[in-house]
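The values are calculated or read from the model by the stated rules, or taken from the named source; none is laboratory data. Only a predicted model underlies this, so the values are computations on that prediction, with no experimental measurement involved. Here the Cβ positions follow ideal geometry from the backbone for every residue, glycine too, while neighbour counts run over all protein chains shown.
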Amino acid sequence: MSSNLYSIEYLEKTTQLLKEIKEKSYERFLNIEEGHIADIGCGTGQDVINLAQLIPGNVKVTGVDIEDAMIRKAEELAQGMEKVAFVKANVEDLPFDHEALHGLRNERLIQHVHDPLQAFREFNRVLKPGASLVIVETDWSSISLYCGLPGMANRIKDFYANHNVANGSVALELDTLLLQTGFRDIEFNVYPLVSHSLQQVIAFTRLDYILAQMLERELLTTEEHEAWNKTLQEADQNGHFALSLNLVVATGIK
């Protein structure tokens, strides 16, 4: 992940916006009484901490992330928690033995993975038979922006889906990836997020950063960049700004 976009501050803000979706993603693990579960791409570790506090039994919860800064922050937040651990590793080569885990979760991770199929193979490898895999993913191809400037919404959607991350539309492929790697009893829940606040949208989608990146990559002219920012501000101030975006919670059983 780009540290400029997916910073610790960004993850902390988006955690507040995703409460209901996060609670849904925890459900499959709450009845586990003992064993080991993992949160892959754990970021600052808040979900690892939440799971460790919610699961009543003797269950170890390990967070995995590729960024040193995320691991350090997660260890700081979880200091003194006996059931919690954090390790640095890549999703395509997880640091767990074959069939070692009783559950596995990841959130907004697969969109950043260059080989999603290999990641799903790793999920299958490390899970015990009958264990649950839970995936929370953003469908950037679903983004709709309402602000009154013709052509702006489609160009921003294209950047989110095809240029901002490795796989901006991967939410649409999760069922195929689950089936290809041997998961069964697949379930999908779709959560539309709607906001009429430009400030909230910037906190969640980093729209300001996206516009700056489009300018830097010459996908916007300087004049367009200035006009778009002005249009967004005016729409927000005058009460006719809105953005909608779908998030998906997908589950499967090995």
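Of everything in segment 141-152, what is small (Gly, Ala, Ser), surrounded by fewer than 16 Cβ atoms within 10 Å (Cβ to Cβ) and in contact with a strand residue (DSSP E or B) (Cβ under 6 Å, 6 or more places away or on another chain)? Give them in sequence order. Show your work before the answer.
First, the residues of segment 141-152 that are small (Gly, Ala, Ser): 141-142, 144, 148, 151.
From what is left, the residues that are surrounded by fewer than 16 Cβ atoms within 10 Å (Cβ to Cβ) are 144, 148, 151.
Selection gives 144 alone.
What are the pairs with Cβ atoms under 6 angstrom where one residue, in segment 74-99, is of a type in the set (Phe, Trp, Tyr) and modelled with pLDDT of 95 or more and the other, located anywhere, is crowded, with 18+ Cβ neighbours inside 10 Å and part of a helix (DSSP H, G or I)? Sequence gap at least six, or different chains.
86/71; 86/74; 96/126
I need every pair where a residue in segment 24-49 that is touching a residue at least 12 places away in the same chain (Cβ under 8 Å) has its Cβ under 6 Å from the Cβ of a residue that is surrounded by fewer than 23 Cβ atoms within 10 Å (Cβ to Cβ) and among the basic types (Lys, Arg), sequence separation at least 6 or different chains.
Sorted first by the residue in segment 24-49, then by its partner, the pairs are 36/60; 44/73.
When segment 116-158 is examined, which residues are found to be at pLDDT below 95 and in contact with an Asp or Glu (Cβ under 6 Å, 6 or more places away or on another chain)?
Result: no residue meets the conditions.
Going by the structure shown, is residue 27 modelled with pLDDT under 95 and over 14 Å from the mean Cα position of the chain (by Cα)? Before the answer, list the steps.
Numbers: modelled with pLDDT under 95: no; over 14 Å from the mean Cα position of the chain (by Cα): yes.
Spelling it out, it is not the case that residue 27 is modelled with pLDDT under 95 and over 14 Å from the mean Cα position of the chain (by Cα).
Is it the case, given these coordinates, that residue 204 is surrounded by fewer than 17 Cβ atoms within 10 Å (Cβ to Cβ), under 20 Å from residue 18 (Cβ atoms) and either touching a Pro at 6+ places or on another chain (Cβ under 9 Å) or not polar (S, T, N, Q) (or both)? Talk me through it step by step, then tell me what you get.
Numbers: surrounded by fewer than 17 Cβ atoms within 10 Å (Cβ to Cβ): no; under 20 Å from residue 18 (Cβ atoms): yes; either touching a Pro at 6+ places or on another chain (Cβ under 9 Å) or not polar (S, T, N, Q) (or both): yes.
No: the conditions fail for residue 204.
Being β-branched (Val, Ile, Thr), in a strand (DSSP E or B) and either within 30 Å of residue 34 (Cα to Cα) or in contact (Cβ under 8 Å) with a residue 40 or more places away in the chain (or both) narrows it down to one of 135, 156, so name that one. Give the derivation first.
On the way: 156 fails: in a strand (DSSP E or B).
Being β-branched (Val, Ile, Thr), in a strand (DSSP E or B) and either within 30 Å of residue 34 (Cα to Cα) or in contact (Cβ under 8 Å) with a residue 40 or more places away in the chain (or both) holds for just one of 135, 156, which is 135.
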